[in-house]
Structure formats: structure tokens, C-alpha cells
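Student: Take a look at the following structure, please.
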Ligand code: SF4
């Protein structure tokens, strides 16, 4: 149901503090990695963070959050804490990056797939490593594999575009300081292609039948479309009119 609202009807979503903070931290690290390795210190990270915060000024998402002064300060301070934790997890001057915020496109049958990789680097043996920063909490053991499925997809994109399978994929949880690592294999690549094909078939079927079902779970708490979701007593047919109106009201507030 959320896929119908977001990707088929393309309804606007209200920004969230969590997502906007994640973008700020990613931007800070992106700016940090524009410096030569020897200059990637906590001092230059602070400058990068200040520059990324200054960029927020012109960002409509930031305006729509309507944070008061105290909330803005807490937001910026918390984002900086995540950058400091990043420094506790690894030394950025030792990273041999070959791409930051790297966009990759690949074709699987009729499907055009696209992803943006936070960082692609070389390990000490010259192998490719995909790294993804996460600003939320690390998942419990039960959810580790499903979280890694996202980076396995990035690994699949790398192999399709660059012709080499990455030697490792990593999720860096900046909130908790944990890193999850997985080694892509023939089996994981096969799983990704099978899964992509199955998901696309399900999307086509749902589009043909108009049958998009809600699947309530933990993500409902942060879903922008809960108001129109039948699982919460909402009417999906009202979303196309009411979702843009809601964003308009937020902008005018
Ligand atoms: S509220 Fe939950 S079930 Fe409904 S659309 Fe959002 S994520 Fe899906």
C-alpha cells in the first residue's frame, strides 16, 4: 500500500526529523571525503558539518519541519554526535575511496535498476568494498539479514556495472558504533536477481488488479500515509487530493 502511494501515485511525503538528520550526516561525510586523506581530521569534519548545516537553510524539507530554536540546536548537536561516533569507528584518512554517493544503473531483463552507494572503496588487497552509513539504531539479530539485503543489492549493482563482485559490504551504524559486514557470494547475487524479478512481478500483478494491500508492521509508525491506510481506518482514494493539501498547509504554517 505504501508503494502505491509513494511510487505509483507519487504523493508527496512530509519530511521527518530522522530522515533529514540522516541526510545532514551523509552530506557531512560526503564533504569530508572531498578532502585529501591526510586532511580528514575531526577539525575538517567540523567544517564540513558547519557547511552542511548552512546548506540546510535553503532546503524545503528543513523548513517543513518547523523546528524552534531549541529543537534546531538539539538536531544539529545530535547530527554532530553521529559524525564524532563515525571517527571512533574508523580512521577516514586510511580509506581508499573510489566513489562517494556513487550512482549506478543496471539492467535486469526489462527492468532498469538504480542505486546510490554511500561509499565504494578498495580494501588492502584491491577488492571493492561497499559501505553504507546508517543513522538509525542497529537492528536486532533477527533483522540483520534483511538489513544486509539492501547492501547486497548495491553489491549486485557494482558487479553488473563494474564487472567485479565486491569482496565485502558493510553497514556502519553511527548511532551505536556497530558495523555489520557480509561477503557477497554467487548465492547472494542469485537471491537478489530472483527477488528483484519476484518483486517486479508482484508490482505488475498489483497494478493490473489494483490490489495493493497494507502490511502493518514496525514501519507504520514512520509511514507518511497512515491517514489513508485501510489498516488504520483510512480511505486510500482520498490520498491523491489530501496528501498534496497537507504539504501545502505545512509550507504555509
Ligand atoms: S501505515 Fe503501514 S500498512 Fe499502511 S501503508 Fe503505511 S506502512 Fe503500509
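Student: Starting from the Cα of residue 167, step 7 Å along the direction of its Cβ; do the same at residue 125; then give the gap between the two resulting points in nm.
Tutor: Distance between label points: 0.5 nm.
Student: Ok, one more. Find, to one decimal place in angstroms, the Kirkwood hydrodynamic radius of the stretch 1-152, where the mean of 1/r is taken over every pair of different Cα atoms and then inverted.
Tutor: 17.6 Å
Student: Run the numbers for residue 190 and residue 59: contour at 0.36 nm per residue of separation, minus the present Cα-Cα distance, in nm.
Tutor: Result: 43.2 nm gained on full extension.
Student: In vacuum, with every alpha carbon of the stretch 193-253 counted as one equal point scatterer, what does the Debye formula give for log10 I(q)/I(0) at q = 0.14, 0.20, 0.26 Å⁻¹? Two decimals, please.
Tutor: These q points yield log10 I(q)/I(0) values of -0.56, -0.93, -1.09.
Student: Gain in length, residue 46 to residue 205, computed as 0.36 nm per residue apart minus the alpha-carbon separation, to one decimal in nm?
Tutor: Length gained between residue 46 and residue 205: 52.3 nm.
Student: Given an 8 Å cut-off on Cα distances and at least 6 residues of separation, report the relative contact order of the chain as a percent.
Tutor: 19 percent
Student: Can you quote the Å³ per residue value for the convex hull of the Cα atoms in the stretch 97-253, rounded to an integer?
Tutor: So the per-residue Cα hull volume is 169 Å³.
Student: Once the piece of chain linking residue 90 and residue 179 is laid out straight, how much longer is it, given 0.36 nm per residue of separation minus the C-alpha distance between them?
Tutor: 31.0 nm
Student: Using a Förster distance of 25 Å, how high is the FRET efficiency between residue 231 and residue 8, based on the Cβ-Cβ distance and rounded to 0.05?
Tutor: FRET efficiency, residue 231 to residue 8: 0.90.
Student: Please check which bits of the stretch 1-30 a label hung off residue 251 would reach, taking the label as a point 7 Å along Cα-to-C-beta and the cut-off as backbone N under 18 Å.
Tutor: Answer for the stretch 1-30: 10-16.
Student: What distance in nm separates the two pseudo spin-label positions at residue 101 and residue 241, each 7 Å out from Cα along the beta-carbon direction?
Tutor: Between residue 101 and residue 241, the simple spin-label model gives 3.9 nm.
Student: I would also like to ask the following. To make sure I understand, if each residue's beta carbon is the centre and we count other beta carbons within 10 Å, what order do 66, 49, 152 fall in, fewest to most?
Tutor: Placing the least packed residue first, the sequence is 66, 152, 49.
Student: Then there is this: Given the rule -39500 (n - 2.57) for each run of at least 4 DSSP H residues, summed and divided by the residues of the chain, what is its mean residue ellipticity at 222 nm, to the nearest 500 deg cm²/dmol?
Tutor: -15500 deg cm²/dmol
Read the figures in this text as sums done on the coordinates, not as results from a lab. Remember, predicted model here, so these are calculated numbers, not experimental data. Heads up, the Cβs are rebuilt from the backbone with ideal geometry, glycines too, and the neighbour counts pull from every protein chain shown.
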